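**Q** Pasting a structure here, questions to come.
The values are calculated or read from the model by the stated rules, or taken from the named source; none is laboratory data. Values in this document were obtained by computation on a predicted structure and should not be read as measured data. Here the Cβ positions follow ideal geometry from the backbone for every residue, glycine too, while neighbour counts run over all protein chains shown.
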Amino acid sequence: MYRIKRLLLWLLTVANSAAPAQDLIHIPAGPFTMGSNVGRDDERPEHIVTLAAFEIDRLQVTNAEFAMFLERHGTTDNNGQRYFDWDDNDARIHRVEGVWRADKGFLNHPVVEASWAGALAYCQSLGKRLPTEAEWEKAARGTDARPYPWGSAMPTAALSRFASGWNDTVAVTTHVAHPSPYGVIGMAGNAWHWVSSAYRPYPYRDDDGREDTTPGPVRATRGGGHDSSAEALRTTERGRTLSRAPAAGHHNIGFRCAK
C-alpha cells in the first residue's frame, strides 16, 4: 500500500507540474565575439571564438523537473557528491511523504541549490550536457556582440528579473517576449547558469583543460540572477564576485542543458 501511495504522489507531482515544453534551440556553427575590452578584467581580451553547431535548452531547468530527477536518481552520486542542498533554507524542493516534490508556487521557477555536479548529472541523465562557457555566451549574445540577450536596451523589470529580494525568483517563462537572438528564453537574470567550463583567464580555448569535468575547479557562471545588479546581466559577465563553490548549491544559481 505504501509503495502504491508513493507512486500516486509522484504521478501527482508530474501531473501538477504544468511544466512548459523544454525544447532545444539550434545554434548554428560559426564564429562570434567573446568577451569585452570594456568590461571587467576577467572578460578581457575580446576575441573571436569559432564553435561547431550545438543545441541548448530553450528554458532553464525548473524545480519540478529537478524534483523528478531527484526522485529517480537520489540526492548524491556514487562518490557521495551532493546533487542538491535539500537541507538549505533556500531550497524549493522537499521530500513530502517519501516523494521529492517542488514547493507549491515554485514548480516552474528555475531550480536553485543544485550543485555543479547535480546540474551535470541532470543533463547527462537526459543524454545532454552542460553548455561550455563559449556556447552559453554565443546562445545569449549572437554574432552582433550585443551587451544583453535582447539587444542594447538597459535592463528593466519588463525585460528581466534582477535587483529583487533573496530567493525572489519568477517562472522561467516570464520573459518569453524578450529572448536571445536565437530564441533562448531567460538568459539574463532570475537565476545564474552553471556552465561546464572551469573559471580560467581568457582567451577561451576548449583544449586547455578548462572543459575537463573532473570535480574540483571553480566553474564559471553566466547570466546574472534575481538579486543581481543590472551590470551583472551583461552577456559577457562571468560571475567573478559570486559565491559559487561547485560542490555546493546556491540560492541564485540554476542551469540549462545543451547537446
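**Q** Could you check, for the stretch 184-201, whether at least one of its residues is at pLDDT 95 or above, in contact with a Lys or Arg (Cβ under 8 Å, 6 or more places away or on another chain), surrounded by fewer than 22 Cβ atoms within 10 Å (Cβ to Cβ) and polar (S, T, N, Q)?
**A** no
**Q** Looking at the stretch 139-156, which of its residues are part of a loop (DSSP other than H, G, I, E, B) and in contact with a strand residue (DSSP E or B) (Cβ under 9 Å, 6 or more places away or on another chain)? Let's see the steps before the verdict.
**A** Quick first cut of the stretch 139-156, residues part of a loop (DSSP other than H, G, I, E, B) only: 142-147, 149-150, 152-156.
Answer for the stretch 139-156, where residues must be part of a loop (DSSP other than H, G, I, E, B) and in contact with a strand residue (DSSP E or B) (Cβ under 9 Å, 6 or more places away or on another chain): G142, T143, D144, A145, M154, P155.
**Q** Let me ask something additional. Please enumerate the residues belonging to the stretch 37-72 that are of a type outside the set (A, V, I, L, M, F, W, C) and under 30 Å from R95 (Cβ atoms).
**A** D57, R58, Q60, T62, N63, E65, E71, R72
**Q** Being under 20 Å from E43 (Cβ atoms) and modelled with pLDDT under 95 is true for just one of R240, R210. Which residue is that?
**A** Details: R210 fails: modelled with pLDDT under 95.
After applying the criteria, what remains is R240.
**Q** Which of the residues belonging to the stretch 157-196 are hydroxyl-bearing (S, T, Y), assigned to a loop (DSSP other than H, G, I, E, B) and touching a residue at least 40 places away in the same chain (Cβ under 8 Å)?
**A** S160, S164, T169, T173, S180, Y182
Residues checked against (1) modelled with pLDDT of 95 or more; (2) in contact with an Asp or Glu (Cβ under 7 Å, 6 or more places away or on another chain); (3) within 26 Å of H178 (Cβ to Cβ):
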site: P45; (1), (2), (3): yes, no, no
site: R58; (1), (2), (3): yes, yes, yes
site: T62; (1), (2), (3): yes, no, yes
site: D87; (1), (2), (3): yes, no, no
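**Q** Can you tell me which condition R240 does not meet? The list is (1) part of a loop (DSSP other than H, G, I, E, B); (2) surrounded by 24 or more Cβ atoms within 10 Å (Cβ to Cβ); (3) in contact with a helix residue (DSSP H, G or I) (Cβ under 7 Å, 6 or more places away or on another chain), and all the others hold.
**A** That leaves (2) as the condition not met.
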